[in-house]
1. Considering only residues that are in contact (Cβ under 8 Å) with a residue 24 or more places away in the chain and either closer than 22 Å to residue 58 by Cα or not in a helix (DSSP H, G or I) (or both), which ones fall in the range 228-242?
2. Among the listed residues 140, 135, which satisfies the condition of being touching a strand residue (DSSP E or B) at 6+ places or on another chain (Cβ under 7 Å), closer than 20 Å to residue 6 by Cβ and either in a loop (DSSP other than H, G, I, E, B) or not assigned by TED's automatic domain parsing to the domain that holds residue 36 (or both)?
3. Against the definition (outside any strand (DSSP E or B), within 16 Å of residue 87 (Cβ to Cβ) and not assigned by TED's automatic domain parsing to the domain that holds residue 262), how does residue 225 come out, yes or no?
4. What are the residues in the range 132-154 that are within 23 Å of residue 59 (Cβ to Cβ), surrounded by fewer than 24 Cβ atoms within 10 Å (Cβ to Cβ) and in contact with a helix residue (DSSP H, G or I) (Cβ under 8 Å, 6 or more places away or on another chain), if any?
5. Inside the range 243-269, can you point out the residues that are within 27 Å of the chain's Cα centre (by Cα) and free of Cβ contacts under 8 Å to residues at least 24 places away in the same chain?
6. Quick one: how many residues across the range 244-269 are closer than 22 Å to residue 226 by Cβ and surrounded by fewer than 19 Cβ atoms within 10 Å (Cβ to Cβ)?
7. Out of contact with any helix residue (DSSP H, G or I) (no Cβ under 9 Å at 6 or more places or on another chain) and either in a helix (DSSP H, G or I) or more than 30 Å from residue 14 (Cβ to Cβ) (or both), is that true of residue 128?
8. Can you find a residue in the range 23-45 that is in the same structural domain as residue 147 (by TED's automatic domain parsing), closer than 30 Å to residue 286 by Cβ and under 26 Å from the mean Cα position of the chain (by Cα)?
């Protein structure tokens, strides 16, 4: 434990229990500024991870996050947001957390201490060599994550580690290591703080860049998002109007004619064609939206 940076005491917070409210949060804010700097040092590794995930997903692989406790909850959050944001299947990207669903909202005592359960949960989802397993653990020693990573290596899946302690067992099991060393926490060992913030930042980068590279974004617009409520439906109409230069009423009409398929609606608006022809262009372009928009008539 003494080797883990995240378990060491932070000299700046040794008198934390004597500080005023403003002093506590000022110190936390000062420490949080270090997170982005630490993440920046790992950008080359994050980029390698993005490229590896893109390559495997194009081969039919799945992106599987594995974590426990706070790290697992970060994984669940990111995995849950991607299907509605990018229109992908929940089977294509998901998270496994030690202790299962109960662990998302509460502590499941001892769940992270089982190496066997990490392997068991990956067996349940029928892991293959085409898949990518991202092990997320600040300490770098969480047994549940280590068990999952070992099994992933046996199955020849791509393994990626996101940790806050570089020279730990999880790094030795990963093909790509993203070690964001954020240092000792203000509250000793409470890795939901800086370490957790760094995990959220890395997962944001990883999943967003992967989805952009896979073609689920046009310019900087979410053209594959699921229109599951009125706010998102309104956002879609404004987004299409901005992307095409059409009036809001025209964009709204195109969305309805396209049966709420934003890709089809955008091609309709930019090419001045009907929904049937727009679908044919997209099909001919093998789903590549830019190619469909730029194809000769």
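1. Passing the criteria: only 228.
2. Values: 135 fails: either in a loop (DSSP other than H, G, I, E, B) or not assigned by TED's automatic domain parsing to the domain that holds residue 36 (or both).
Residue meeting the stated conditions: 140.
3. Working: outside any strand (DSSP E or B): yes; within 16 Å of residue 87 (Cβ to Cβ): yes; not assigned by TED's automatic domain parsing to the domain that holds residue 262: yes.
It is true that residue 225 is outside any strand (DSSP E or B), within 16 Å of residue 87 (Cβ to Cβ) and not assigned by TED's automatic domain parsing to the domain that holds residue 262.
4. 150, 151, listed by residue number.
5. Of the range 243-269, the ones within 27 Å of the chain's Cα centre (by Cα) are 243, 260-264, 266.
Selection gives 261, 264.
6. Matching residues across the range 244-269 total 6.
7. Working: out of contact with any helix residue (DSSP H, G or I) (no Cβ under 9 Å at 6 or more places or on another chain): yes; either in a helix (DSSP H, G or I) or more than 30 Å from residue 14 (Cβ to Cβ) (or both): yes.
When the stated conditions are applied, residue 128 passes them.
8. Within the range 23-45, none of the residues are in the same structural domain as residue 147 (by TED's automatic domain parsing), closer than 30 Å to residue 286 by Cβ and under 26 Å from the mean Cα position of the chain (by Cα).
The values are calculated or read from the model by the stated rules, or taken from the named source; none is laboratory data. Note that the structure is predicted; figures quoted are calculated from it, not measured. So basically every Cβ, Gly included, is an ideal-geometry build from the backbone, and we count neighbours across all protein chains shown.
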